[in-house]
Amino acid sequence: MPQLLTDMTSKVPTGRLGFAEIAIVTIIEEEFEALRETFELETNVPHTHYYVSQLTGSREYEHVLCKAPERGNHHAQQAVGELIEDFRPHFILLVGIAGGIEGRDGVALGDVIVANLIEYSESRKRVAGQDLERRIPIDPPSTHLRDTIVDPARRDGSWTELIRLAPPRGVEPKVVIGPIVAGEKIWGDLNNAEQVALLQRYDNAVAVDMESFGVGLAVHMARQYSDYNPQYLVFRGISDLVNAEANDKTRQLWKRYAASTAAAFSRAVGHRLLDMSKVVNVNWRQRFLKRIRSTIIKWWWGK
Amino acid sequence: MKANLRTIRRELRQALEQSPEPQPSFDFTIGWSQGYDELLARRFLEETDIAQLVERSLETGRVLLCGRGGGGKTVILRRLARRIDKKHLLVVLVDLGRWRAPNYEDWEKCGEEPLKRLGFLLEEFATPHITPDNWDCIPANTLKLFLVDGLNEVSRRIGHEIIDTLDEFVQYSPHTSVIISDRLVRRELRDPKRWRFAFVEPLPQPQIEKHLIAKFHETVRFEQLQGLLSTPYFLDSVLRHAYADFRTYFQDTAHLADEELQRAGLAAFTAYNDDGTRTFALAPFKAIAGDAIIVKLRDAGALIVADSVAYFAHHLQHDYLASVYVVANPDKWSHDIFDVVSFRASSFETLAFALEHLDTTETADRFIRSLYDWSPYGAAYAVAEGHYRRAARFSQAMEVVMLAMNAERRWDLIRASARRAMDALRVNPTEYARQFLELKSLAELIQFVRQIELDASWFNEWKDLFTHGGDEEPTYAEIDRIKDTDSIIGWTVANVLRRVRLTRNHQEMLRAFLRDSEKTVRWRIVHVLGACPSRENAEILFNAFDSDPYDWVRYGATRSLVEMAARADQEVREFVVLGLQDRTERLLADEKVLREFEDAIFVRVEKAPQGWTSLIAPVIEKLAESAKSFRQRGHWVRLVFRLKEDYGA
């Protein structure tokens, strides 16, 4: 009997490669290395691009880590879609770096942005001299998790002890919760007309990236079935300020540190998510067993 | 309303009871391959029984079950549906054989929404009848297996979109898997690693003999049908009727006289022409065939009528009748008719039947020449099918010529062309095909062909042309032969001109021909010019792309422009790429041309110029700007990603 069929007789939805409580997606190599180190996910699942802490016979994992093949929302959507199919995670974390917007909510290099909203800047309609926004439905990052898990972790402050690298200069990284604008470009020219217009249009965004929208879209597409309800969060360490001078140079200098601050905070959040899941899973199993019992009884009476 | 699994299962069981499995039942063997290359070459990693189809679909979610027409794919899927009796497994049969012409419009109305498309497939073609809104009521611990039969029954583009829809559905829907039956044609898959490739192998000789002996107590009188009987449909026909050919079937069982057979053939062809599907509107069919023929076909069990539509009990019957029309109308052998009966080169049975029933070698050879003019690969597939039926009358010389011309494309600069050529050779069972596959270079191919001695004067004439040395300049008389009405000669000249040294005068001559030649000759000429990079030739190709009335010329010009960009010096290369960037709207307006562009940009890696990705990427980015949705844009993003993977950033 194939593994999946065996799994199905005793579990809530699992994926083709097993089950993971938390799935983490990264994009660039520096992010991947920071997450691998921080979460201690050194074991490669054979013949795949996934990393876990160790292989298990039950194919159940607390964390699984992967790296999208390239930047961009489409690749992020594909990566998360594959994660969902392979591990049916309860929680999905997009962790990496992003460009902050100077002058917004005190955002500084090394800070970690937690997205409360994702705006997609590329979906526009240009007609009769107008540049109109066209929205595409996606899931926002989980408000529930933000309020019950992220905010307490932020206030706790001890997450900074998990940062594994020293910053290029003295900073005290903080967590900022705010909107992220996702697009298909790397921004960093404060004089570029398109960038200026972008920052004006999204006047309350605190950071820009290229993948959050894809993640939100994948989760939105997966959450069509009442028995599977994944939730996601986005953590971005600020590696540069898109509306500041020498942006590219700054990014090169700060990206490893920014990746490590994002990894550290996501690790702190991850601990709390696992604690919460232990309670939730007990309830899942109880409900599942109840359903099995009722099915057997109905079948018996049907005979 | 909450879906009741028991009710759903009962609906499927009742539907299956209404179409019992043919008896005696056959044992099928499934060959498993790593991918299309191995599948087409019949190289299997292992061979199993059909139960493994279910097991493997659960592993990766996706299985492509390929096979020839009449090979048993439908029987296998229905047998699986009957036998899968696991508590936590729900089976849904999706029969694309019921697809009708209006369904194309219905499909377009679904837009790009995967759930809408899926809902359409389930509502129109699924048993049990289940819709996305009650899909969610199926318990989480239930595995869902879709058995999708007949991907080849719809157009190539829609087939691709159906695969995409199911691929995505399987990704996001927990515990869902799909097995899709298809002909042995290469499909575009977003992530081939997530698919398992299965092939329904022909029935082995011992099994055939076992059934023949059980029924007839002997096998001798069926010896001449040996190859044919390895196809389950034909073995079943012999066991039922003691004959396997359709002509006898329609005459003896359906009682059609010769004239009636011709009329049924016209009606069958017209149904394909008008509806483009296996299920067709009854009224026009009846108007041509007449009531008497309809009654005979229904009484014989060949034609199934359901309200205002009809379909044949097996599509091979429809294909055979359409081939009767093709055989009777040699003056119509052309792209149009071949596109119709092959569903735009995704199904070749009609052509194989036609080939089988041409009564002289000369006519069969002429048919193959016409096929080659339409599609070198289509000709190769039809000839390969003819081998399996063991009745085709084409000459060995014609077959060798066709194989050699396909083999030459193995070294084409454009990888898709090389791959199609390999596929065409792989499906051919002859020793020549095997040898053509083993040759290591174009020079070896030419040397090999030079040594072939066949008893046909026209073959020797062709051989002299084909083996023209690369260092020899062609004569003007030889160049002039590109206009030859014999498509084999014309295309051979075109291909030879691509590999020899053409002077400026030669090229001027070809450009002059372009001005007043008939359409196929213009196509040959633009094909040649792609191998002669120059500003003048690029301008000529752009003119053809912009304004030639014949779509195949525009298609050829597109291909040649990309090829030229890969071969040319920097100045011409940049000129071509800028020209393509300026023409993205025209590219988008013509699906065939656009698809050719997408294929052509993948040139042989070792021949790609430095910075190929960054050269082509701006054209793709311009195409992406026209994308109306995130999903459409994703197509272009993936194309650029593939370029980067192959050629670097």
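The values are calculated or read from the model by the stated rules, or taken from the named source; none is laboratory data. Computed from a predicted structure; not experimentally measured. Counting neighbours? That spans all protein chains shown, and the Cβs are built from the backbone with ideal geometry, glycine included. Note: areas computed on protein heavy atoms with side chains; ligands, DNA, RNA excluded. Shrake-Rupley method; radii C 1.70, N 1.55, O 1.52, S 1.80 Å.
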Using 5 Å bins from zero, what percent of all Cα-Cα pairs in region A:86-243 falls into each bin? 2, 8, 17, 20, 19, 15, 10, 6, 2, 1, 0
Could you pull the Cα extents of region B:323-367 along its three principal axes, largest to smallest, in whole Å? 27, 19, 16
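How would you order A:229-237, B:163-171, B:535-543 from highest to lowest mean count of nearby Cβ atoms within 10 Å?
Details: A:229-237: 24.6, B:163-171: 21.3, B:535-543: 18.4.
In descending order of packing, they fall as A:229-237, B:163-171, B:535-543.
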Report the charge-dipole magnitude of the protein assembly as shown in Debye, nearest 20, computed about the Cα centre from +1 at each Lys and Arg Cβ and -1 at each Asp and Glu Cβ. 2740
Calculate the mean, over all residues of peptide B:188-198, of how many other protein chain Cβ atoms lie within 10 angstrom of the residue's Cβ. 1
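If a/c stays under 1.5 just call it rounded; otherwise compare a/b with b/c (prolate if a/b is bigger, oblate if not). Do that for region B:156-201, with a ≥ b ≥ c from the square roots of the Cα gyration tensor eigenvalues.
Details: a/c = 1.88, a/b = 1.32, b/c = 1.43.
Judged from the Cα gyration tensor, region B:156-201 comes out oblate (a/c at least 1.5, b/c at or above a/b).
Considering all alpha-carbon pairs of region B:469-538, what whole percent are spaced by more than 15 angstrom? Mind showing how you got there, number by number?
Working: 1084 of 2415 pairs.
Result: 45 percent of Cα pairs exceed 15 Å.
Determine the shape class of region B:507-649: with a ≥ b ≥ c the square roots of the Cα gyration tensor eigenvalues, call it rounded for a/c under 1.5, and otherwise prolate if a/b is greater than b/c, oblate otherwise. Spell out each step's value before the answer.
Details: a/c = 2.23, a/b = 1.44, b/c = 1.55.
Because a/c hits 1.5 or more and a/b fails to exceed b/c, region B:507-649 counts as oblate.
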Mind grabbing the accessible area of B:M509 for me, 1.4 Å probe, Å², rounded to tens? 40
I'd like to verify something in chain A: which complete DSSP H helices, judged by Cα projection on the helix axis, reach 30 Å or more and average at least -1.0 on the Kyte-Doolittle scale? A:247-302
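By average Cβ neighbour count within 10 Å, what is the ranking of B:106-118, A:246-258, B:345-357 from highest down? Walk me through the intermediate numbers first.
Values: B:106-118: 15.8, A:246-258: 18.6, B:345-357: 25.2.
Order by mean packing, descending: B:345-357, A:246-258, B:106-118.
Give the peptides B:440-452, B:11-23, B:360-372 in descending order of average Cβ contacts within 10 Å, highest first. Don't skip to the end; give the middle numbers.
Values: B:440-452: 14.3, B:11-23: 12.7, B:360-372: 19.8.
In decreasing order of mean packing, B:440-452, B:11-23, B:360-372 become B:360-372, B:440-452, B:11-23.
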Order of exposure, largest accessible area first, which applies to B:E223, A:E85, B:E260 with probe 1.4 Å: B:E223, B:E260, A:E85
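Per-residue Cβ counts within 10 Å, from other chains only, averaged over B:165-178: what number is that? Numbers along the way, then the final one.
Numbers: counts 0, 0, 1, 3, 2, 2, 10, 12, 8, 12, 12, 2, 3, 0.
Taking the mean over all residues of the peptide, I get 5.
Plugging the Kirkwood radius over Cα pairs into Stokes-Einstein for chain B, at a temperature of 37 °C and a viscosity of 0.692 mPa s, what D comes out in µm²/s?
On the way: Rh = 26.5 Å.
In µm²/s, the coefficient rounds to 124.
Expressed as a rounded percentage, what relative contact order does region B:22-97 have, with Cα pairs under 8 Å and six or more residues apart?
Details: 46 pairs, mean separation 15.0, N = 76.
Over region B:22-97, the number comes to 20 percent.
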Spatial extent of region A:1-152: Rg and Dmax, with the Cα atoms as the point set, Å: 18.3, 62
Taking amide H atoms as placed 1.01 Å from N in the peptide plane, list the residues 5 or more away in sequence, or in a different chain, whose amide H sits under 5 Å from that of A:I113. A:V176, A:R236, A:G237, A:I238
How big is the equivalent ellipsoid of region B:93-156 along its three axes, where each semi-axis is √(5λ) from the Cα gyration tensor, reported in whole Å from largest to smallest? 22, 14, 9
In cubic angstrom, how much convex hull volume per residue do the alpha carbon atoms of region B:38-179 span? 119
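For B:A589 and B:Q435, compute 0.36 nm times the residue count separating them, minus their Cα-Cα distance, and round to one decimal in nm.
Numbers: separation 154, 0.36 × 154 = 55.44 nm, distance 4.16 nm.
Stretched out fully, the B:A589 to B:Q435 stretch lengthens by 51.3 nm.
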If I take every Cα pair under 8 Å that is 6 or more residues apart in chain B, average their sequence separation and divide by the length, what percent do I get for the relative contact order? 9
Two-decimal log10 I(q)/I(0) for region B:107-190, as the Debye equation yields it once each C-alpha is a single scatterer, q = 0.12, 0.22 Å⁻¹: -0.34, -1.19
Using the Kirkwood radius over Cα pairs, work out the Stokes-Einstein diffusion coefficient for region B:227-336 at 37 °C and 0.692 mPa s, in µm²/s as a whole number. 231
Amide H within-cut-off set for B:V91, under 5 Å, with H built and near neighbours excluded: B:L145
Whole-Hz ³J(HN,Hα) from phi, Karplus 6.51 cos²θ - 1.76 cosθ + 1.60, for region A:173-188, glycine and proline x: x, 10, 9, 10, 9, x, x, 10, 9, 9, x, 10, 10, 8, 8, x
If eta is 0.692 mPa s and T is 37 °C, what Stokes-Einstein diffusion coefficient results for region A:209-257, Kirkwood Rh from Cα pairs, in µm²/s? 248
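B:P429: net charge of surrounding residues, Cβ under 13 Å, Lys/Arg +1, Asp/Glu -1, itself excluded? Present the calculation step by step, with values, prior to reporting the outcome.
On the way: positive: B:R42, B:R68, B:R389, B:R390, B:R426, B:R434; negative: B:E385, B:E399, B:E431.
Charge balance near B:P429 sits at +3.
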Using Cα centres only, tell me the gap between region B:507-583 and region A:223-265 in whole Å. 48
Output for region A:88-132 (equivalent-ellipsoid semi-axes, sqrt of 5λ from the C-alpha gyration tensor, Å, descending) is 28, 20, 8
Calculated FRET value between B:M509 and B:W458, using beta carbons and R₀ = 22 Å, to 0.05: 0.30
Using a 10 Å cut-off around each Cβ of peptide B:587-596, what is the average number of partner chain Cβ atoms that fall inside? 0
Label-point separation in nm, B:D569 to B:R190, each point 7 Å along Cα→Cβ: 4.5
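Expressed as a rounded percentage, what relative contact order does chain A have, with Cα pairs under 8 Å and six or more residues apart? Before the final figure, lay out the partial values.
Details: 616 pairs, mean separation 80.1, N = 303.
Answer for chain A is 26 percent.
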Chain B: calculated mean residue ellipticity at 222 nm from DSSP helix runs of at least 4, using -39500 (n - 2.57): -18000 deg cm²/dmol
Once the principal axes of the Cα atoms of region B:1-113 are found, what is the range along each, listed largest first in whole angstroms? 47, 35, 30
Rounded to whole angstroms and listed largest first, the alpha-carbon spread of chain A along its three principal axes comes to 76, 51, 37
Take the alpha carbon atoms of region B:222-285, find their center, do the same for region B:56-133, and report the distance between the two centers in whole angstrom. 26
With the cut-off at 24 Å, tell me which of the pairs A:K255/B:K193; B:K463/B:K519; B:K519/B:K592; A:K185/B:K644; B:K73/B:K116; B:K193/B:K440 have Cα atoms farther apart than that. A:K255/B:K193; B:K463/B:K519; B:K73/B:K116; B:K193/B:K440
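Select from region B:156-190 those trypsin sites (Lys or Arg not before Pro) which occupy a DSSP coil region and have at most 12 other Cβ atoms within 10 Å, ordered by residue number. Before the final figure, lay out the partial values.
On the way: sites: B:R156, B:R157, B:R183, B:R186, B:R187, B:R190; in loops: B:R183, B:R186, B:R187, B:R190.
Answer in residue order: no site qualifies.
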The rounded separation in angstrom of the Cα centers of region A:17-38 and region B:630-649 is 24
A:F19's amide H: which non-local residues (gap 5+, or another chain) put their own amide H closer than 5 Å, with H modeled 1.01 Å from N in plane and none for Pro or chain starts? A:E60, A:Y61
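Report, to two decimal places, the Cα Rg of the protein assembly as shown normalised by 2.2 N^0.38 Å (N = number of residues). Could the numbers behind the result be given before it?
On the way: Rg = 31.1 Å, N = 952, 2.2 N^0.38 = 29.8 Å.
Normalised Rg, Cα atoms only: 1.04.
Subtracting the Cα-Cα distance from 0.36 nm times the residue separation, let me have the gained length for B:E259 to B:I84 in nm, one decimal.
Working: separation 175, 0.36 × 175 = 63.00 nm, distance 4.72 nm.
So the extension gain works out to 58.3 nm.
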